[in-house]
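Participant: Below is a structure I'd like to ask you about.
The values are calculated or read from the model by the stated rules, or taken from the named source; none is laboratory data. Note that the coordinates shown come from a computational prediction; the quantities given were computed from them, not determined experimentally. No Cβ is skipped: glycine too gets one built from the backbone with ideal geometry, and neighbour counts run over all protein chains shown. Surface areas here come from the heavy atoms of the whole protein model, side chains and all, with no ligands, DNA or RNA. Shrake-Rupley method; radii C 1.70, N 1.55, O 1.52, S 1.80 Å.
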Amino acid sequence: MTAYTLYSGSSGNCIYVKTADAEILFDAGVSARAVEKGLNAIGSSLSRIHAIFVTHEHSDHIKGLEVISKKYHIPTHMVGASARACIRTPNASLLNDLYLHPTVFSIKIGKTTIKSFPTPHDSAASVGYTVEYEQDGKVQKLGLATDIGHITEEITQALIDADSVIIEANHDVNMLLSGPYPYHLKLRILSDCGHLSNETCAEFSKFLATHGTKNFILAHLSKENNFAPIAETTVRNALSDFENINLAVALPDTPVLVGCNQTSEMHYVTDQYTLCRKYQG
């Protein structure tokens, strides 16, 4: 299994996962052209995507879906409540390729299994996903959980045995409280249906590491209320007692590979070449 965060943050989110059976996207919160550009950078294309799975209906997760569906007709899986909230006209192109599901559902493509689990966020519905790929009796498992106001039992049970996780580290609490956002928005972000802080992400990452998770990507960082080195340092300190941990921070508009380690170098992809550069903290 190979996975990249293609885009991450309030400007748009899109995650790519590839197994021997399928190439899959989770969310398409940027334009169709941007999604294609991100996929081209890692040697893929929208024409090769087997399915798209949507976490929830906020624009930074669905912006490109309509155009992608109109041009590529990729099967798109979404919780019913989210679909009803984002499709406002009966002639929407997305309707032709949309598969509606309850909050908890499972889809199998060959030996690749995608499962949803509920997440607490202020949307009509919100889910995270796990991807499991079985080969030679061994199962690789990736978990994706962003836009989560707090850690629930459902999230814990879904991710507890994942080899790799893409997990939200949205804000530094002090930066948020002293930042420019209006008070009501600060309360929304800090609420149980808002976004996960660096500190809570660090605590949960430590818990996951005690149960075998080795690869972490911190995602959905706030441009105004976080700073990548702060998020990385906060989580890395919590994981300092564990060996062979890979930790990276998802970039807003550059692919980041799940399994890279950002301590001494940041891996990213551009112009179809994999590059590494010293991390400037």
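Yes/no matrix, rows are residues, columns are (1) touching a Ser or Thr at 6+ places or on another chain (Cβ under 6 Å); (2) at pLDDT 95 or above:
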{"site": "162", "(1), (2)": "yes, yes"}
{"site": "173", "(1), (2)": "yes, yes"}
{"site": "180", "(1), (2)": "no, no"}
{"site": "193", "(1), (2)": "no, yes"}
{"site": "201", "(1), (2)": "no, yes"}
{"site": "206", "(1), (2)": "no, yes"}
{"site": "210", "(1), (2)": "no, yes"}
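Participant: Tell me which residues, restricted to the range 63-78, are under 22 Å from residue 119 (Cα atoms) and either touching a helix residue (DSSP H, G or I) at 6+ places or on another chain (Cβ under 7 Å) or open to solvent by 10 Å² or more (accessible area, probe 1.4 Å) (or both).
Facilitator: Once the filter is applied, which keeps residues that are under 22 Å from residue 119 (Cα atoms) and either touching a helix residue (DSSP H, G or I) at 6+ places or on another chain (Cβ under 7 Å) or open to solvent by 10 Å² or more (accessible area, probe 1.4 Å) (or both), the range 63-78 yields 63, 65, 76, 77.
Participant: Still on this model: Can you pull out the residues in the range 155-185 that are in contact (Cβ under 8 Å) with a residue 24 or more places away in the chain and of a type in the set (Gly, Ala, Ser)?
Facilitator: Scanning the range 155-185 gives 158, 162, 164, 169, 179.
Participant: Mind listing whichever residues of the range 1-16 are outside any strand (DSSP E or B) and surrounded by 23 or more Cβ atoms within 10 Å (Cβ to Cβ)?
Facilitator: 8, 12, 13
Participant: Looking only at residues in the range 83-107 that are polar (S, T, N, Q) and touching a strand residue (DSSP E or B) at 6+ places or on another chain (Cβ under 8 Å), which one is surrounded by the fewest Cβ atoms within 10 Å (Cβ to Cβ)?
Facilitator: Residue satisfying both the conditions and the ranking: 106.
Participant: Of everything in the range 192-222 that's part of a helix (DSSP H, G or I) and acidic (Asp, Glu), which residue is least open to solvent (accessible area, probe 1.4 Å)?
Facilitator: Checking each candidate, the answer is 199.
Participant: Just to be sure before I move on: is residue 113 free of Cβ contacts under 8 Å to residues at least 40 places away in the same chain, of a type in the set (Ser, Thr, Tyr) and open to solvent by less than 10 Å² (accessible area, probe 1.4 Å) in the structure I sent?
Facilitator: For residue 113, the condition - free of Cβ contacts under 8 Å to residues at least 40 places away in the same chain, of a type in the set (Ser, Thr, Tyr) and open to solvent by less than 10 Å² (accessible area, probe 1.4 Å) - is not met.
Participant: Determine which member of the set 149, 128 is out of contact with any strand residue (DSSP E or B) (no Cβ under 9 Å at 6 or more places or on another chain), of a type in the set (Gly, Ala, Ser) and crowded, with 19+ Cβ neighbours inside 10 Å.
Facilitator: Result of the check over 149, 128: 149.
Participant: Checking residue 45 against (1) surrounded by 18 or more Cβ atoms within 10 Å (Cβ to Cβ); (2) in contact with a helix residue (DSSP H, G or I) (Cβ under 7 Å, 6 or more places away or on another chain); (3) within 20 Å of residue 2 (Cα to Cα), only one condition comes out false. Which one?
Facilitator: Residue 45 satisfies every listed condition except (1).
Participant: Follow-up question, since we're still on this one. Which helices (runs of 4 or more DSSP H) sit wholly inside the range 24-78 and have at least 2 residues that are hydrophobic (A, V, I, L, M, F, W, C) and over 14 Å from the mean Cα position of the chain (by Cα)?
Facilitator: Counting at least 2 such residues, we get 32-41, 65-72.
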